Amino acid sequence: MTPPARDTTAVLRDLGAALLAAVPADAARVRYRATVVGDVRRDLLTAGPADGEPVPVPATAAVRTAVEELKRVMWTPERGTWLQTDMTLDRATSRLLPIFNADAEPDGPPLPREALVAELRDHPRPPDAVPRWMAERIG
């Protein structure tokens, strides 16, 4: 892989802006979960008032593009990159709190072997940084 053109902070800023643009203007709480592994893309964007139930909102192309760029810029040859991210955005403070999962199997249906192979091809990791569940699934 080649070094990223932008840094993590810039991409997170763009992702936060894309999330805000994707949700209703009165949404106080925004949550976004994305799994990006090989060709598997799963995401869930919810938004709601501070004191109410969040509702699903379609993730826009801008959100998906930013999260895929974030995955690329966070890759390192020593560790690879994340598989799933959970983000909370507080509109009142404009703070984005991201949590990244680089090792545990993401929530949802099991990832197919082909997606895991593609993940390691596109975002290589040294053998000691490949999670056991992933190595076992690949075989």
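The values are calculated or read from the model by the stated rules, or taken from the named source; none is laboratory data. Not measured: the values here are computed from a predicted model. Reconstructed Cβ throughout: ideal geometry from the backbone, glycine too, with neighbour counts over all protein chains shown.
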> Can you find a residue in the range 18-27 that is at pLDDT 95 or above and either hydroxyl-bearing (Ser, Thr, Tyr) or in a strand (DSSP E or B) (or both)?
Replying inline: no
> Which of the residues belonging to the range 97-108 are modelled with pLDDT of 95 or more and either more than 15 Å from Val36 (Cβ to Cβ) or not in a strand (DSSP E or B) (or both)?
Replying inline: Leu97, Ala102, Asp103, Ala104, Glu105, Pro106
>> Anything in the range 51-75 that is touching a residue at least 40 places away in the same chain (Cβ under 8 Å) and either in contact with a Leu (Cβ under 7 Å, 6 or more places away or on another chain) or not in a helix (DSSP H, G or I) (or both)? List them, or say none.
In response: Thr60, Val63, Ala66, Val67, Leu70, Met74, Trp75
> Looking at the range 76-111, which of its residues are without any contact (Cβ under 8 Å) to a residue 12 or more places away in the chain and either β-branched (Val, Ile, Thr) or under 18 Å from Arg6 (Cβ atoms) (or both)?
Replying inline: Thr76, Thr93
>> Anything in the range 33-85 that is surrounded by 18 or more Cβ atoms within 10 Å (Cβ to Cβ), hydroxyl-bearing (Ser, Thr, Tyr) and touching a helix residue (DSSP H, G or I) at 6+ places or on another chain (Cβ under 6 Å)? List them, or say none.
In response: Thr81
